[in-house]
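First comes the structure, then the notes that go with it.
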Amino acid sequence: MKDLLKTVIFDQQRMVWNKNFIPRSFPENIMTSETIVVVSGIRRCGKSTLLSQIRNENREKDYYMNFDDERLIRFSVDHFQLLHETFIELFGIQRTFYFDEIQNISGWERFVRRLHDEGCKVFLTGSNASMLSRELGTHLTGRYIQTELFPFSFTEFLNFKQFDWTEKDLYSTEGRATLIGHFNEYFHTGGFPLYLKEGNDDYLKSLYESILYRDVLVRNKLVNERELLELVNYLASNVSKLTSFNGLTKVAGVKNATTIRNYLSFLQDTYLIFQISKFDFSLKKQIQNLKKTYFVDNAMIRLLGFMFSEEKGRLLENLVFLELRRRRAEIFYHVNRLECDFVIRKGITIVQAIQVCHSFNTDQTRTREVKGLLEALNMYGLAEGLILLHDTQEHTFEEDGKVIRVMPVWKWLLK
């Protein structure tokens, strides 16, 4: 096993920071905190690259292992001590460890806890939310901080396009037109790094199949592939629409809502989809209410679902949801007589209401969106609301004593 570990370690040492990589955004405190750092997110969103970025900024960078390597299929928790000894033999004594896709090794959290208790700094990545949460919560409570990584944000997409924008580009004719052009491309292609480089839908298809089969079917010992495929296809075709567990049983052809609940939980564990609830001061009602589903990337929706061109507003809503999630907002939707797409909670208080619409192409659309926002503002005692459109001139108006700000989504994404 030691010889194998040496081969894997040296092979993986090639995974170092490259000047052509796009720097990823992450909280500053993960570099200075003495706690374990956990980076979680969907497969191929750039977690390994982020780990290389962090290693590049640290003096100690050699104790790295990616456990999503088929040569480590027989690696178990008993081999961690041997791995540690091998690191010391090859690189000398270091106190900083980097472990990629750590959830592949059952019992990993005990070794990581020991490292932490001995004063070592540990960076981890993983692509299964439930497994990470369960293991972190059981053995590492109070010893870690966790951050989620997503496919490229719009800012990172602009870096990928080598467009070094400045504040004046938000307002100048040429700069604004260039930004809108890039946004329209981002709106269509999403932000998976390798997909942007290759532009090949087969890559997205392969990624989706890997998530579905390896992370959902195999990991959870499921056998009915068709039910899961039908469910994902329906959710992608109806992104941001209200759904119920009972309603989805008919879509997927399953007998009871518990099966659907489990399927949705497994899919959320992979970060492929996210669900939000209607805000209610009663937690019980919040759990029972209909859910809205969003996907991790717009290109994935285009691949998996079916949408008419006039439904671009729901793709825009998906994009806004993802940015809110990147900003670590606690997100709900509002519905009473009317609907407001997002309300943001901080503590026990709703602090912001946001409406998303592709365009005010008719007076009826404008009236519906404004009234839905106003209902939310009145219900939660807010003085100001935000409407995000695909493209518009930024402006502000007052209605029923409330201030309504209107912004183009591309500009909001850069704030």
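So here's what we get for this one:
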quantity	calculated
Search result, residues across the stretch 197-220 that are free of Cβ contacts under 8 Å to residues at least 12 places away in the same chain, over 15 Å from ASN128 (Cα atoms) and of a type outside the set (Phe, Trp, Tyr)	LYS197, GLU198, GLY199, ASN200, ASP202, SER206, GLU209
Filtered residues of the stretch 190-202 (kept if outside any loop (DSSP other than H, G, I, E, B), in contact with a helix residue (DSSP H, G or I) (Cβ under 8 Å, 6 or more places away or on another chain) and surrounded by fewer than 16 Cβ atoms within 10 Å (Cβ to Cβ))	LEU194, ASP201
Residues of the stretch 19-38 classified as touching a residue at least 24 places away in the same chain (Cβ under 8 Å), more than 19 Å from the chain's Cα centre (by Cα) and farther than 27 Å from ARG143 by Cα, total	1
Filter result for SER40 (in contact with a helix residue (DSSP H, G or I) (Cβ under 7 Å, 6 or more places away or on another chain) and of a type outside the set (A, V, I, L, M, F, W, C))	yes
Residues located in the stretch 139-172, provided they are of a type in the set (Ser, Thr, Tyr) and farther than 21 Å from GLU34 by Cβ	SER153, THR155, THR166, TYR171, SER172
Cross-chain or 6+ apart pairs with Cβ under 8 Å, the stretch 152-176 first and free of Cβ contacts under 8 Å to residues at least 40 places away in the same chain, then crowded, with 16+ Cβ neighbours inside 10 Å and among the acidic types (Asp, Glu)	GLY175/ASP169; ARG176/ASP169
Positions within the stretch 55-66 being of a type outside the set (D, E, K, R), touching a strand residue (DSSP E or B) at 6+ places or on another chain (Cβ under 9 Å) and more than 22 Å from VAL296 (Cβ to Cβ), in sequence order	ASN58, TYR63, TYR64, MET65
Neighbours by Cβ (under 8 Å, 6+ apart or cross-chain): first from the stretch 82-106, assigned by TED's automatic domain parsing to the domain that holds GLY119 and at pLDDT 95 or above; second polar (S, T, N, Q) and surrounded by fewer than 16 Cβ atoms within 10 Å (Cβ to Cβ)	THR96/ASN58
Positions within the stretch 11-37 being of a type outside the set (S, T, N, Q), in contact with a helix residue (DSSP H, G or I) (Cβ under 8 Å, 6 or more places away or on another chain) and either surrounded by 14 or more Cβ atoms within 10 Å (Cβ to Cβ) or within 28 Å of HIS79 (Cα to Cα) (or both), in sequence order	MET15, VAL16, TRP17, PHE21, ILE22, ARG24, PHE26, ILE30, MET31, ILE36, VAL37
Inter-residue pairs, beta-carbon under 9 Å, first assigned by TED's automatic domain parsing to the domain that holds ARG368 and in contact (Cβ under 8 Å) with a residue 12 or more places away in the chain and in the stretch 399-415, second in a helix (DSSP H, G or I) and polar (S, T, N, Q), 6+ apart	ASP400/ASN378; LYS402/ASN378; TRP410/ASN184; LEU413/THR155; LEU414/THR155
Residue list for the stretch 1-15, restricted to those being more than 24 Å from PHE157 (Cα to Cα), assigned to a loop (DSSP other than H, G, I, E, B) and in contact (Cβ under 8 Å) with a residue 24 or more places away in the chain	MET1, GLN13
Qualifying positions in the stretch 239-272 - in contact with a Lys or Arg (Cβ under 8 Å, 6 or more places away or on another chain), in contact (Cβ under 8 Å) with a residue 24 or more places away in the chain and more than 23 Å from SER127 (Cβ to Cβ)	SER240, LYS241, LEU242, THR243, SER244, GLY253
Residue satisfying all of: in the stretch 247-278; polar (S, T, N, Q) and farther than 24 Å from CYS340 by Cα; surrounded by the most Cβ atoms within 10 Å (Cβ to Cβ) among these	THR270
Qualifying residue in the stretch 39-53 (condition: over 30 Å from PHE157 (Cα atoms) and at pLDDT below 95)	no
Restricting the stretch 16-38 to residues that are assigned to a helix (DSSP H, G or I) and among the polar types (S, T, N, Q), the residue that is farthest from LEU158 (Cα to Cα)	THR32
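The values are calculated or read from the model by the stated rules, or taken from the named source; none is laboratory data. This is a predicted model, so every value here is computed, not measured. Here Cβ is always computed from backbone atoms with ideal geometry, including for glycine, and neighbour counts include all displayed protein chains.
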